[in-house]
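Each remark here refers to the structure printed beneath this line.
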Amino acid sequence: MSDDLLEPVGLGATESALYLHVLSAPRSTTAQLAEALSSTPAGIRTALGRLVTTGLVTRLAGSPVRYTAAPPEVAVDALAAQRQHEMDLLRSRIRELAHKFQKLDSSKSAELVELIEGQEAMRHRAEQLQLGAQQEILIIDCPPYFDDPTANPMEFQLLERGVAYRALYDAPGLEGAARMGFVMECIAAGEQARSLPSVRMKMLVADRRYAMIPLSFEATESTAALWVRPSPLLTALVTCFDLLWERATPLGVGQQTGELDERDRELLAMMASGMKDAAIVRSLGITQRTMTRRISHILTVLDSQTRFQAGLQAARRGWL
């Protein structure tokens, strides 16, 4: 039986092992229990005390002191009920705290737009925006970046939690093997990604309720951002994202790609994203001659005469 039997009620592996042993060997002494667990009486004294306090084990009168276990179906049920009661109280207190926080947040700034200055403050608010999402994150991504553009562990955690990510990338911003590789890793984890040849704006939107945008789309360095609360401005930003998303080209290639190997699929995705030949060569670490040969192979597989036709054929087959 698992050593973490009692973990759901707040007890650890030592308490679980002790309880199971007392069940199987009632009236055991402290020395006998310590020997069974390859420990010392002093080493198990705290765990025994917790079991006695919770009612799972009873200390018998006499010398030497012996211990017996309460029936599991009685003691554990009572302990679980107490634990559930504590969790219900915690949920109630959390709801009260959230309500107070919302009132504090609204009273702190009645303005619909808040200025955030400094990279640390921007990083913190971007993290909080993502962590607070319940349904989806919308991203328009392009340089400059205030953080590492090839790392966002939080996205993978939220994708596993069931939060959808839709990211719209500026194609020139995908240049470089590390950057493109990271984007493909995000796509493999479940991100929906598209690109446009040029999209000179940035935004981060959570559940279509809150957004962050840079203070200036023309700045060469991210030093300040705007936090946008529910308002006509937020509605306009979300509408802008939706319109750009419809115009953008999907990134990533479906699994059923016939005669194309992994490198060809990467090349096809980059071509579809609008990346220039020089950028593709740099990203894949290949020569221009190799790229030309691979493109020729892709056109043959897709029965196309031009890259445009190849893109249409790939989209029709669900490869993009």
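The values are calculated or read from the model by the stated rules, or taken from the named source; none is laboratory data. Quick caveat, the model's predicted, so the values are computed rather than measured. Here the Cβ positions follow ideal geometry from the backbone for every residue, glycine too, while neighbour counts run over all protein chains shown. Note: accessible area is taken over every heavy atom of the protein model, side chains too, but ligands, DNA and RNA are not part of it. Shrake-Rupley method; radii C 1.70, N 1.55, O 1.52, S 1.80 Å.
Note on volume of the Cα convex hull per residue in Å³: of the candidates (i) 191; (ii) 140; (iii) 217, the value calculated from this structure sits at (iii). If you plug the beta carbon distance of residue 276 and residue 112 into 1/(1 + (r/R0)^6) with R0 = 41 Å, you get a FRET efficiency near 0.55.
Scan the chain and note any complete DSSP helix (H) whose C-alpha atoms cover at least 27 Å along its axis and whose Kyte-Doolittle average is 0.0 or more.
none
In the context of the full protein assembly, residue 249 retains an accessible surface of approximately 40 Å², using a probe radius of 1.4 Å and ignoring ligands and nucleic acids. Secondary structure note: in the chain, about 70% of the DSSP beta bridges are antiparallel. Helix-only arithmetic for the chain: the sum of -39500 (n - 2.57) across DSSP H runs with n ≥ 4, divided by the residue total, places the mean residue ellipticity at 222 nm at -16500 deg cm²/dmol. Where the centre of each part is set by its Cα atoms, how far does segment 46-80 sit from segment 197-242, in angstrom? Computed from Cα coordinates, the inter-centre distance equals 59 Å.
When all C-alpha to C-alpha distances in segment 152-249 are sorted into bins of 10 Å, what percent of pairs does each bin hold, rounded to whole numbers? Spelled out per bin, shortest first, that is 14, 41, 41, 4.
Between residue 164 and residue 73, what FRET efficiency comes out of the Förster formula 1/(1 + (r/R0)^6) with R0 = 45 Å and r the beta carbon distance, rounded to 0.05? For R0 = 45 Å, the calculated efficiency reads 0.55. On full extension, the segment bounded by residue 217 and residue 292 gains 23.4 nm, given 0.36 nm per residue less the C-alpha separation. Its Cα centre serving as origin, the chain has a Cβ charge dipole (Lys and Arg +1, Asp and Glu -1) of approximately 220 debye.
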